[in-house]
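Only the coordinates and a few stated rules stand behind these numbers; no lab work does. What you see is a predicted model, and the numbers here were worked out from it, not measured in a lab. Reconstructed Cβ throughout: ideal geometry from the backbone, glycine too, with neighbour counts over all protein chains shown.
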Amino acid sequence: MELVNLTEEEQLFLNETAKFVENELRPHALEWEQQGRTPRKVWERCGELGYLGIKYPEDVGGQGSDYMYAFIWAQEMGKCGTLGCAMGLTVQSDMATPALARHGSAFLKREYLIPAIQGKKICSIAVTEPGCGSDVASLKTTAVKKGGDYIINGRKTFITNGMQADFVTLLARTSDEPGHSSFSLFVVPTDTPGFSRGRDLDKTCFPSSDTAELFLDDVKISADHLIGKVGEGFVYQMQQFQFERLIGVGISLGCLQRAYALTKQYIQERNVFGQQISKFQVTQHKMAQMLSEITMLECMSYQCARKVDEGKDITKAVSMLKLMSAQILQRVLEECVQLFGGYGLMTEYEVSRYFRDAKLWGIGAGTNEVMKEIIAKKEGLS
Ligand SMILES: Cc1cc2nc3c(=O)[nH]c(=O)nc-3n(C[C@H](O)[C@H](O)[C@H](O)COP(=O)(O)OP(=O)(O)OC[C@H]3O[C@@H](n4cnc5c(N)ncnc54)[C@H](O)[C@@H]3O)c2cc1C
């Protein structure tokens, strides 16, 4: 942390958030994992504390703070002992709502954004479909204008918070024309007739987060549920992805810091062959390597988070960060588990849960390969 300069206020916010995570989230990690979801009351509590609208303006109930505070929140959430909880809540604050906050009408803000910021409504972002993940432009869900309504038909899958959501922000095709202007982003309340949920998907990771299949059969919503302009949904979603990825980097960074600290403590307590594990040179080298990678990630992440407030296009940097954080997360967590020996594979040990969850970050929110595609394109190579 010595290389990252936080203001006094940012440091205070970090300390408060850390205390919240330590006292109100981490003690419940295993219980929520067993329940297969983070309870609704956690959304309400985070809403009360202002965490779900850190960067949103005060007129919609947000804190009106710099983006850096949202990043710090994500980082501390990465230490909550169960990354599904961190993901579920940040989906609400930073993945499903940025376009709604930026382009949504007064009606949409009043009915959906404000209750989401208050933690009174839970929301999801619904982009992925059974036949389309990385190639977002191949999605098949349609929204057809009929008078003053849109009729939506399609399937979505892998939707975080989908089992509990009161509304989803959903990307659908509003034209058959090729190109990126054929998509629009909508708010779809989950109690609309024709909207139904399939399985609560059984995952190998993130057990404290529910992941749903969603079915839309002639779902009729009034046209005022369109976010912003028709045909702009793809662009809005690509912008929204930048927040999603940077917040995911924050969670990964926090998780790495916590896993490193736990491992450092463990290797100094555990004795093998008459000495602490930390006394072996091979262990020291492993720790040095891990700390170096985490520190590099920390510096670049904070640099990027500051750039958001400057309004710069940081797509390339965020893609590089997303890629590197996913790789470092997996590598470091594997080393941590190795140093814990058998205990590293016991669910009651936090590092085992982080290790189990680490793989998702190279897949969700755009895979490692997709990040490389973006970086190469921005480099003018393709
Ligand atoms: C737990 C979980 C939660 C999720 N939550 C959400 C959510 O809330 N909302 C939502 O909309 N989605 C969500 N997703 C979906 C996630 O974003 C997708 O899984 C991801 O984008 C990858 O899509 P896919 O699974 O269809 O894989 P595919 O796109 O089928 O990719 C399969 C493989 O092909 C590779 N590949 C793809 N394109 C290229 C290329 N150009 N060059 C080389 N290789 C390539 C990929 O990197 C990958 O290795 C979630 C997924 C999971 C697992």
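The angle separating the long axis of helix 281-309 from the principal Cα axis of greatest extent in the chain is about 30 degrees. For the chain, the longest principal axis of the C-alpha atoms and the axis of helix 233-269 are separated by about 20°.
Only DSSP H runs of four or more residues enter the estimate; each adds -39500 (n - 2.57), and after division by the residues of the chain the mean residue ellipticity at 222 nm equals -14500 deg cm²/dmol.
Under a 10 Å cutoff between Cα atoms, tell me which one of Q257, Q239, Q289 has the largest fluctuation in the Gaussian network model of the chain. The residue with the greatest mean-square fluctuation here is Q289. Backbone amide hydrogens, once placed in the peptide plane, bring F183 within less than 5 Å of T174, G231, G233, F234, excluding anything fewer than 5 places away on its chain. For segment 135-217, the Kirkwood estimate of the hydrodynamic radius, built from every pair of different alpha carbons, is 13.6 Å. For a straight C-alpha distance cut-off of 15 angstrom, the aspartates and glutamates reachable from K312 (same-chain residues fewer than eight places away being disregarded) are D66. For segment 37-51, putting each phi into the Karplus relation 6.51 cos²θ - 1.76 cosθ + 1.60 with θ = phi - 60° gives couplings of 6, 8, x, 4, 4, 6, 4, 4, 5, 5, x, 4, 7, x, 6 Hz, in residue order, rounded to whole numbers and with x for Gly and Pro. For the chain, the convex hull drawn through the C-alpha positions has a volume of 136 cubic angstrom per residue. Put simply, the amide H of K121, placed in the peptide plane, has neighbours under 5 Å in A116, leaving out anything fewer than 5 places away on its chain. Helix 67-77 and the long axis of the chain differ in direction by around 60°, with both axes built from C-alpha atoms.
When only Cα pairs below 8 angstrom with a gap of at least 6 residues are kept, segment 124-234 shows a relative contact order of 32 percent.
On a C-alpha basis, how far is the centre of segment 255-319 from the centre of segment 340-382 in Å? Whole number, if you could? Result: 15 Å between the Cα centres.
The charge dipole of segment 1-105, taken about its Cα centre with unit charges on the Cβ of Lys, Arg, Asp and Glu (plus for the first two, minus for the last two), comes to roughly 500 debye. Between segment 125-140 and segment 152-167, the alpha-carbon centres lie 12 Å apart.
Go through segment 344-382 and name the GluC sites (Glu not before Pro) that are in a DSSP coil and have 16 or fewer other Cβ atoms within 10 Å of their Cβ. Those that pass, being in a loop and sparsely packed, are E348, E379. Remark: for residue pairs K121/K377; K41/K156; K121/K316; K140/K377; K41/K229; K156/K359, the C-alpha separation exceeds 28 Å in K121/K377; K121/K316; K41/K229. Normalised by the number of residues in the chain, what is the relative contact order in percent for Cα pairs under 8 Å and 6+ residues apart? Rounded, it is 17 percent for the chain. Phi angles across segment 314-323 convert, under the Karplus curve 6.51 cos²θ - 1.76 cosθ + 1.60 with θ = phi - 60°, into 3J(HN,Hα) values of 10, 3, 5, 5, 5, 5, 5, 5, 4, 4 Hz, Gly and Pro given as x.
Taking amide H as placed 1.01 Å from N in the peptide plane, L201 has its amide H under 5 Å from the amide H of T211, A212, E213, each at least 5 places away in sequence or on another chain. Between G198, G119, G228, the residue with the greatest mean-square fluctuation in the GNM of the chain (Cα pairs under 10 Å linked by springs) is G198. Restricting the GluC sites (Glu not before Pro) of segment 238-331 to loop positions (DSSP other than H, G, I, E, B) with no more than 12 neighbouring Cβ atoms within 10 Å leaves E310.
Taking Q281, Q330, Q63 as the candidate residues, the one with maximal mean-square fluctuation in a Gaussian network model of the chain, Cα springs under 10 Å, is Q281. Only Lys, Arg, Asp and Glu carry charge here, each on its Cβ (+1 for the first two, -1 for the last two); on that basis segment 235-378 has a dipole of about 220 debye about its Cα centre. Think of each Lys and Arg Cβ as +1 and each Asp and Glu Cβ as -1; about the Cα centre, that makes the dipole of the chain roughly 540 debye. For segment 26-33, backbone phi angles converted through the Karplus equation (6.51, -1.76, 1.60; θ = phi - 60°) give residue-by-residue couplings of 4, x, 9, 3, 5, 4, 5, 5 Hz, Gly and Pro being listed as x. With neighbours defined as other Cβ atoms within 10 Å of a residue's Cβ, the residues C132, C299, C46 order from fewest to most as C299, C132, C46.
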